[in-house]
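The values are calculated or read from the model by the stated rules, or taken from the named source; none is laboratory data. All values reported here derive from a predicted model rather than from experimental measurement. Every residue, glycine as well, gets a Cβ built from its backbone with ideal geometry; the counts of neighbours run over all protein chains shown. Just the protein is used for accessible areas: all its heavy atoms, side chains included, with ligands, DNA and RNA removed. Shrake-Rupley method; radii C 1.70, N 1.55, O 1.52, S 1.80 Å.
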Amino acid sequence: MMENTHEDIKKDISPDRLDYYAEIKKSGMAPLWENLHHMLTPEPKVKSLPHHWEYSSVRKLLLNSANLISAAEAERRVLMLENPGLPGNCSITESLFAGLQLIMPGEVAPAHRHSPAALRFIIEGSGAYTAVNGEKTYMEPGDFVITPSWCWHDHGHEGKEPVVWLDGLDIPLVRVIGSIFVEHYPEERFPEGPPPGDSLERYGNNMRPVGVLPDDLNSPIFSYPYERSRETLEKLRNSSDLDPYHGLKLEYIDPTTGGPAISTISTFLQLMPKGFKSEKYQSTESLIYSPVEGSGTVIIGQGDNEQVFNWKAQDIFVIPCWHPHRFEIKEEAIVFNFSDKIVQTKLGLWRERRGNA
Ligand code: 1HN
């Protein structure tokens, strides 16, 4: 999103030109030649800043919200993770939203649907479920759950402890296009549909029901349990070379197409072993990280702009577009991350730079 404030117009412009700019402004015009240099930059320049949220601090604040508002009243009791470079934008990056959602035992977050797509990545607690088009999915830490565009969804909690998950949505992206829609279901819950786990059983074993043509944009699987993804990483680590930039990084996919699990958000689970030092990497996607296990350091930016974040499991950090970064792993780490890579790829805009190439 480019703000069109024309504040960059230089002070040393001749009075004639300034008069002219004032005159054309009345007709809804402005001089490209005063703006071109910030509209087109040799390399990407975004407003988002690298940032790190320590879970131990945000957790306390999040739990306090339960004393002030119920999930039902809030509709969704979420503390937005707002990028400090985008104040008031309800965004964690130029294209993505992220927040931490809290649901307490017995609570319900009522059914609604919207055009932006959502993902959940479970941070703590168990016994809560999300129902997508009536199919319940019980969520455990590390599980990755999707709510594709325009699917009815409600959440509930049948357990005993607070449950917290990371919400990721493509709202800023959809907003810039303008295609935002929301609808509230007339009742609290959408009618119960297939039994819990149905979508995973039906589509999660490299088979699919004959005669069923699934939606070709989004995965028919609503939940990717941590246990299964974790086991895959564990098995692959012994037979795979580590990528010097990513360690061992897998993407969550729609098994019916091989495309991304969510049509507008790329999602990944990544293993980096103890002592791993990744090489410098940058790409045009903006990445939001949620470590599940382990700890380490991410060094973002370079020279005077270098920032160092020491992170551990349950923290969140964001690496904005085109920020060079590298990891140093202290304790073997499994990290979930999501980005707008798929949108950029589909539009032919995604780029990466490995090392100093
Ligand atoms: C939403 O519907 C959910 O369904 C979570 O849990 C976060 C953030 C912005 C707008 C809608 C949910 C959201 C959201």
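Summary of values
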item	result
Residues of type aspartates and glutamates that residue 11 reaches as a straight line, Cα spacing below 14 Å, ignoring anything fewer than 8 places off in the same chain	19, 34
Cβ-derived FRET efficiency at R0 56 Å, residue 213 paired with residue 30, nearest 0.05	0.70
Accessible-area order (highest first, 1.4 angstrom probe) of the listed residues 236, 287	236, 287
R0 of 30 Å, Cβ-Cβ distance residue 241-residue 52: FRET efficiency to nearest 0.05	0.50
Equivalent ellipsoid semi-axes, the stretch 89-188, via Cα gyration tensor eigenvalues times 5, rooted, Å	23, 16, 10
Expected 222 nm ellipticity per residue - DSSP helices of 4 or more, -39500 (n - 2.57), all of the chain, to 500	-4500 deg cm²/dmol
Stretch gain in nm, segment residue 232-residue 251, where the contour uses 0.36 nm per residue and the Cα spacing is subtracted	5.7 nm
Difference of contour (0.36 nm per residue) and Cα-Cα distance, residue 69 to residue 20	12.3 nm
Radius ratio Rg over Rh of the stretch 1-121, counting only Cα atoms, Kirkwood formula for Rh	1.17
Cleavage-rule hits (chymotrypsin sites (Phe, Trp or Tyr not before Pro)) in the stretch 88-194: DSSP loop, at most 11 neighbouring Cβ within 10 angstrom	181
Of 241, 254, 16, the one that fluctuates the most in a GNM where the chain has Cα springs shorter than 10 Å	16
Exposure rank, largest accessible area first [37, 112; 1.4 Å]	37, 112
Nearest-10 value in Å² for the accessible area of residue 323, using the 1.4 Å probe	40
Probe 1.4 Å, all protein chains present, accessible-area order of 304, 340, largest first	304, 340
Residues whose placed amide H lies under 5 Å from that of residue 252, excluding near-sequence neighbours	267, 268, 269
Net charge over other residues, Cβ less than 12 angstrom from the Cβ of residue 59 (K, R count +1; D, E count -1)	-2
Per-residue SASA entry for residue 139, accessible area with 1.4 Å probe, Å² rounded to 10	0
Within a Gaussian network of the chain (alpha carbon springs, distance under 10 Å), most fluctuating of 23, 285, 328	23
Spacing of the two label points (7 Å from each Cα toward its C-beta) at residue 41 and residue 279, in nm	2.6
Per residue, in Å², the accessible surface of the stretch 212-357 once ligands and nucleic acids are set aside, probe 1.4 Å	45
Principal axis dimensions, the stretch 136-234 - Cα atoms, whole angstrom, descending	41, 40, 30
Carbon and sulfur %, accessible surface of the chain computed with the full protein complex present, 1.4 Å	54
Added length on full extension, which subtracts the Cα-Cα distance from 0.36 nm per residue, residue 347 to residue 115	81.6 nm
Solvent-accessible surface (1.4 angstrom probe) belonging to residue 341, in square angstrom, nearest 10	60
For the chain, the spread of Cα positions along each principal axis, largest first, Å	72, 52, 48
